[in-house]
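Any read-out appearing in this document is the output of simple, stated calculations on the displayed coordinates, not a laboratory observation. Treat the numbers as computed from the prediction; the structure is a model and nothing was measured. Positions of Cβ are generated from backbone atoms using ideal geometry, with glycine treated the same way; all protein chains shown enter the neighbour counts.
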Number of protein chains: 2
Amino acid sequence: MPLDSPKDPTIAAKAALDPENFALANCIRALSIDAVNAANSGHPGAPMGMADAAAVLFGKHLKFDAKHPDWPNRDRFVLSNGHASMMLYSALYLTGYEDMTLDQVKNFRQWGSITAGHPEYGHAKGVEATTGPLGQGIAMAVGMALAERQLAAEFGDDIVDHHTYVFLGDGCLQEGIGQEAISLAGHLGLGKLVVLYDDNSITIDGPTSVSFSEDVPARLAACGWHVQSCDGHDGKALDKAITAAKAETGKPSLIAMKTVIGFGSPNKAGSYAVHGSPLGKDEAALTKEALGWTAAPFDIPQNLLDQWRAIGVRGAKEREEWEARLAAKPAEVKAEFIRRDERKLPEGYDAAVKAARDALFAEPKKAATRKASQMALEPLTAAVPEMIGGSADLTGSNLTRVKAVDSQYTREAPGRYIGYGVREFGMSAAMNGISLHGGFIPYGGTFLVFSDYARNAIRLSALMGLGTIYVMTHDSIGLGEDGPTHQPIEHLASLRAIPGLTVFRPADTVETLEAWDIAIRNRHVPSLMALSRQDVPQLRLEAGDENLTAKGAYVLRQFGEGRDVTLIATGTEVAIAVEAAEALHADGVSVAVVSMPSWELFDAQPEDYRKATLGDAPRIAIEAAGKFGWTRYVASEDDVIGMTGFGASAPIDRLYQEFGITKEAIVARAKALSGK
Amino acid sequence: MPLDSPKDPTIAAKAALDPENFALANCIRALSIDAVNAANSGHPGAPMGMADAAAVLFGKHLKFDAKHPDWPNRDRFVLSNGHASMMLYSALYLTGYEDMTLDQVKNFRQWGSITAGHPEYGHAKGVEATTGPLGQGIAMAVGMALAERQLAAEFGDDIVDHHTYVFLGDGCLQEGIGQEAISLAGHLGLGKLVVLYDDNSITIDGPTSVSFSEDVPARLAACGWHVQSCDGHDGKALDKAITAAKAETGKPSLIAMKTVIGFGSPNKAGSYAVHGSPLGKDEAALTKEALGWTAAPFDIPQNLLDQWRAIGVRGAKEREEWEARLAAKPAEVKAEFIRRDERKLPEGYDAAVKAARDALFAEPKKAATRKASQMALEPLTAAVPEMIGGSADLTGSNLTRVKAVDSQYTREAPGRYIGYGVREFGMSAAMNGISLHGGFIPYGGTFLVFSDYARNAIRLSALMGLGTIYVMTHDSIGLGEDGPTHQPIEHLASLRAIPGLTVFRPADTVETLEAWDIAIRNRHVPSLMALSRQDVPQLRLEAGDENLTAKGAYVLRQFGEGRDVTLIATGTEVAIAVEAAEALHADGVSVAVVSMPSWELFDAQPEDYRKATLGDAPRIAIEAAGKFGWTRYVASEDDVIGMTGFGASAPIDRLYQEFGITKEAIVARAKALSGK
């Protein structure tokens, strides 16, 4: 029961619809108001408007155990409108997550707290995904729901059987990625995905009528969703709607909740003024009075806290029963489930890598690195059953589909290959969701140039520390006739600029295999492979078990004694550098050719290794991409054989010639630099 | 009439629906087949499937004059599924665009031809936009339709009154940006936008059922569109549908055309095999036989070519009438229309800039650079009536709305301020469309971090050479508590890496005004402003008319004789560099502080100016962003005071302290480097 009757008759009428839920919701409202006021920064409006729904969801539906936040079979909850973070932190504190202390709530948005301005994965338990960049939360939730279904198919629905719930607002529905996620979820019939839409008619710029006038339920129905509408402040109606959403197992569900942003605030409710600014002391007092809330700031009356804490352990019994079921499974099934949950690689993995290496050395292959990637994927996906592939409608170009994953994920049955459609951003965010869910290593393909479309999801992979793997083919002007819209120029630099992402541009079959090996092992670092359309010779011919790509760069060839010049190249240009080095050597110039498949890995090497590899002689970099950033390794961009502008539409050989990325250009520059 | 009756009874039945249109369409099909075969690369399927619709659109509806391709009141046609480029090139050749010779068609996808793999704006007349990156074509078309409506409101619909037509495929509808554009167009009721959807049930990965099962017409109806469906090979039905679409003036129109990809090919029609590969010689022959086409490759029978050429000049009379109407306008109206069409600035512009400069020097202001931007926009938008503003739902944060543009663009009436909604990508592509249309200088705002969402549209601004202006605020960790999802780190570097884009990060009110001045003058180069949330002092105090920002970098302060060290800083860190320089000078170190608001403009300066500005002394760069790329100007990233990873959620001062972007850090590094 509320502490006092709401003073405002409109509020009282809402409270009367489900008084118990209203009281629980007021706890969220009060904490959100207080924390945002204390930080003097933040977004109180959405938590206040969605508090009733949060109380119903956490109180009656969400399967979780606050004392065991990592229980694999918990329901997932994603706050896609991440600016409403205080709603989530409030719920976590109230339900008794141990790390979410009242002090953390009081330190909302402060240095070193786990209560960041937007929910950050890895900070507080119960935060299932980093959200804030709008639209990505629902797309990650789609990934979680995808993962749940496939994992259930593999381990049985007595072990894997949970829902994925999403809260979102107008912003997530306006962002294109939201539609990509909605469309994919509807197509695949992800029946355990339940989305609650905070339909408050307000965005930052004012009423949604400024920019948004869709019939959202009709749009989602057109995309194959089960849709309902209800009063977002009526606990009973919300309970009924969520129950109905769970009953619909063949379609994802949308519940459009009509809400009032800043619910309870006498002067700011229903206005964009309450979206992103604190209520302030006076309005906070008026709001609490209107809500009938008499407790001191940050204080939750004991009876309400007790109710919330009971909610926090509501799932304990279910968790224990689940543990018993898991324990009763055959030992190898149980071990396999735990292995995958712990993100450890299977036993046969090392042997599979070694066999693939040995085969390459036994019979060297000339191949495009996208083809080399496919060759690596064949044995690795067979050895690693948690690898789950896909492409944004470029399967035949990305070469991401191989035998072990050759089971299409459909509405009828899940599988290990996902046709993400022409939805690069949605794919990337969904892969992050699969990574977050656990049990899988997702990889997905598109053209490197379209990394632009997916860029913020790649950033979130890095920010969250997820081992998502991006397969980006057609990685230079080498793709030829499709022309400048399809030829990446600035993309390698712009991806290398993202902190925490490992970018690979392997030179041949061996480096591509090595890159895959590193990417698969890196369960907490995202990897991006830039792979060629065109063939390259195998340059690594000397058998051995050392993964040289793991060093980021290494001396691939040495011609002559000492060095007059060092050629540093990546990917398809390493072969050109080797040809140039041969020509230079014939002319009496001593040359080392350094293959540099990954800047990030090289920069992480000890200084003496880096110095020895780069050498003291003048250096030239060769890469069929923009020169930006190469001055990290060479003296000036004049020493980079690369692109200075956009590409063009023409056959590949003509393009390399016209843009001067040739053996002759390397030789000329090397002679000028070395004075030989 | 066709040359011969189609041999295939299904095809014959389609042909019988509108024999004349079928014959015209076969010209497009034949040329597309031949050009793709000759290039041995390209996409024949879509041109073959959409040829009937193209024949109806060009033949009966599109208002254009092939001899005057730049006529301002022509209808705009955007091929959003740009891979179908041969459909467009065929139509341009057939209708007699002078630059589109048969030789150009024969040189499809070859170096130096205007017939690039995907349509490239500025290569061939009649290509209204560069397309290929899916979804952006329709979004640019939305911008064109937006521009048309506002221009008509300003100059009268006797001078401005045209439609914008779009062809698109499944890919454009799967891409999120497609939905952003659809949603915005529906919201604003852009009744002169007509979209023809090539509903061929095929994407690259196979049938659309792999990844796409929406009810597209229902989705668009939910977004406020007028929707129709028809047989895409029935010329009469298409004509009727386009006529009905034009009659609906309050809503944008979708015509879902059921088509067969690769229509006519006996063995490949209806299959993804015809999407992106040449038919080959044998199948080409079989196809032509099936279509009843007996002419030699690249040959168009004279009677058909005559018909097409007549279509090409169908609009001549209308154009002449339009010219007469324009000539009859009052001289100043006519002159103003021509000025805007020619992208020349108005007469009062220079004076407005000078007055704004003088005011800043007369009364220096401490202000966030986003506020400085607003201060600049006030007089400049008043002086330049073609400036049209907007924001992706962050107006109050971006400060993009000022008095002269304070007329909201709504469904009821256009205006100079567009609420783009939470649609950064859609906004950016729409701004490109506005730029392409002519008559306007579009600018629009979001947070710098969300440049990620819009990135490929920014790239297209640069590739097309458009003067679109991006206002990106909250440009560093300086935004504070919103945390790492909202704090740009790698964005400056990744934007500087885009060829042809000018990135500005101004330090104060004066540099911000100067940046705006450059951006407005640059009608063929896009500009991006990185602007601060936090206040900075005005550092430029010496009155004068020279735009120093135009040099990209310049010595802002000199302390002592000569230089022991040079500090290079941008944006909000210039003030910190000045403080550090003062402290160093007090300790006997001679220092120059170089403010560098734009790398691109600096790199375009003569070598002697660059050398003099950077100096020979050791250099330190200071920027609250990732260090990537700064080795262009400093010896090593150790000499960059910047970020090495992501930011955090905390108040601004704490963040600068914790991340070591401080006066003290600069002083320490300067002393170490200078040995003083």
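Annotation: lysines with alpha-carbon distance below 18 angstrom to A:Lys371 (same-chain offsets under eight excluded): A:Lys403. Around the amide H of B:Glu490, modelled in the peptide plane, lie the amide H atoms of B:Gly626, all under 5 Å away and 5 or more residues distant in sequence or on another chain. With the label put 7 angstrom out from Cα along the Cα-to-Cβ vector, B:Glu332 ends up 9.0 nm from the copy partners, going from closest to farthest.
If you look at the Cα atoms of the stretch A:474-523, you get an Rg and a Dmax of 13.0, 37 Å.
Between the stretch B:308-332 and the stretch B:508-567, the alpha-carbon centres lie 46 Å apart. Grab the DSSP H runs of the protein assembly as shown that are 4 residues or longer, score each as -39,500 (n - 2.57), total them, divide by all residues and round the 222 nm result to the nearest 500 deg cm²/dmol. That comes out to -13000 deg cm²/dmol. Ranking B:Val555, A:Pro119, B:Gly171 by how far each Cα lies toward the positive end of the dipole of the protein assembly as shown (charges on Cβ) leaves B:Gly171 at the top. All distinct Cα pairs of the stretch B:324-444 go into the 1/r average, and the inverse of that average, the Kirkwood radius, is 15.8 Å.
Across the stretch B:342-410, Cα-Cα distances exceeding 18 Å account for 43% of all pairs. To the nearest ten degrees, helix B:19-39 and the longest principal axis of the Cα atoms of chain B are 50 degrees apart.
Across the identical copies, the label point of B:Gln558 (7 Å from Cα in the Cβ direction) is separated from its matches by 5.0 nm, in order from shortest. Per residue, the average separation of C-alpha pairs within less than 8 Å and at least 6 apart gives the stretch B:519-659 a relative contact order of 22 percent. Each residue of the stretch A:59-66 in turn: what ³J(HN,Hα) in whole Hz from Karplus with 6.51, -1.76, 1.60 and θ = phi - 60°, glycine and Pro shown as x? Using θ = phi - 60°, the values come out as x, 10, 10, 4, 8, 7, 9, 4 Hz. Working value for chain A: equivalent-ellipsoid semi-axes of 52, 26, 22 Å, each the square root of 5 times a Cα gyration tensor eigenvalue, largest first. Here the stretch B:186-267 has an Rg and Dmax of 13.9, 44 Å, counting Cα atoms alone. Only the Cβ atoms of Lys and Arg (+1) and of Asp and Glu (-1) were treated as charged; on that basis the dipole of chain A about its Cα centre amounts to roughly 320 debye. Spread over its residues, the convex hull of the C-alpha atoms of the stretch A:99-195 is 111 Å³ per residue.
Projecting the Cα positions of B:Thr631, B:Ala269, B:Ser407 onto the charge dipole of chain B (unit charges on Cβ atoms of Lys, Arg, Asp and Glu, taken about the Cα centre) puts B:Ala269 furthest along the positive direction. Here A:Lys551 is the anchor, and the aspartates and glutamates within straight C-alpha reach of less than 15 Å, apart from those fewer than 8 places off in the same chain, are A:Glu511, A:Glu514, A:Asp517, A:Glu600, A:Asp603, A:Glu607, A:Asp608. The charge dipole of the stretch B:319-460, taken about the Cα centre with unit charges on the Cβ atoms of Lys, Arg (+1) and Asp, Glu (-1), comes to about 360 debye, rounded to the nearest 20.
Computed from Cα positions, the angle between helix B:451-464 and the longest principal axis of chain B comes to roughly 70 degrees. The local environment of A:Asn398, defined by Cβ-Cβ distances under 15 Å, has a net charge of -2 under the rule Lys, Arg +1 and Asp, Glu -1.
What Kirkwood hydrodynamic radius do you get for the stretch B:1-124 when you take the inverse of the mean 1/r over all pairs of distinct Cα atoms, in Å?
Every distinct Cα pair counted, the radius reaches 14.9 Å.
In the protein assembly as shown, taking the dipole from charged Cβ atoms about the Cα centre, the farthest positive-side position among A:Ala221, B:Ser211, A:Gln307 is held by A:Ala221. Taking the label point 7 Å along Cα→Cβ, B:Pro207 and its counterparts in the other copies are spaced 4.6 nm apart, in ascending order. With Cα atoms as the point set, the radius of gyration and Dmax of the stretch B:438-549 evaluate to 14.2, 41 Å. When chain A is turned onto chain B, its residue with the beta carbon nearest the axis, and that distance in whole angstrom, is A:Gly176, 1. Summary value for chain A: 12 percent relative contact order, contacts being C-alpha pairs under 8 angstrom separated by 6+ residues. Amide H contacts for A:Gly445 (H built 1.01 Å from N in the peptide plane; partners 5 or more residues away or on another chain; cut-off under 5 Å): A:Gly390, A:Ser391, A:Ala392, A:Val471. About its Cα centre, the protein assembly as shown has a charge dipole of approximately 420 debye under the convention of +1 per Lys or Arg Cβ and -1 per Asp or Glu Cβ, with nothing else charged. How high is the relative contact order of the stretch B:177-241? Use alpha-carbon pairs under 8 Å, at least six apart in sequence, and give a whole percent. Reported as a whole number, the value is 31 percent.
Helix B:302-312 and the longest principal axis of the Cα set of chain B meet at an angle near 40°. Compactness of the protein assembly as shown, taken as the C-alpha radius of gyration over 2.2 N^0.38 Å, stands at 0.91.
Placing a label point 7 Å from the Cα of B:Lys246 along the Cα-to-Cβ direction, the residues of the stretch B:54-90 with a backbone N closer than 15 Å are B:54-65, B:74-77.
Please work out the C-alpha center-to-center distance from the stretch B:589-641 to the stretch B:151-225 and express it in whole Å. Centre-to-centre distance over Cα atoms comes out at 46 Å. Residues whose amide H falls under 5 Å from that of B:Gly419, counting only those 5 or more places apart or on a different chain, are B:Tyr409, with hydrogens built in the peptide plane.
A straight line joining the Cα centroids of the stretch B:60-125 and the stretch A:386-442 runs 38 Å.
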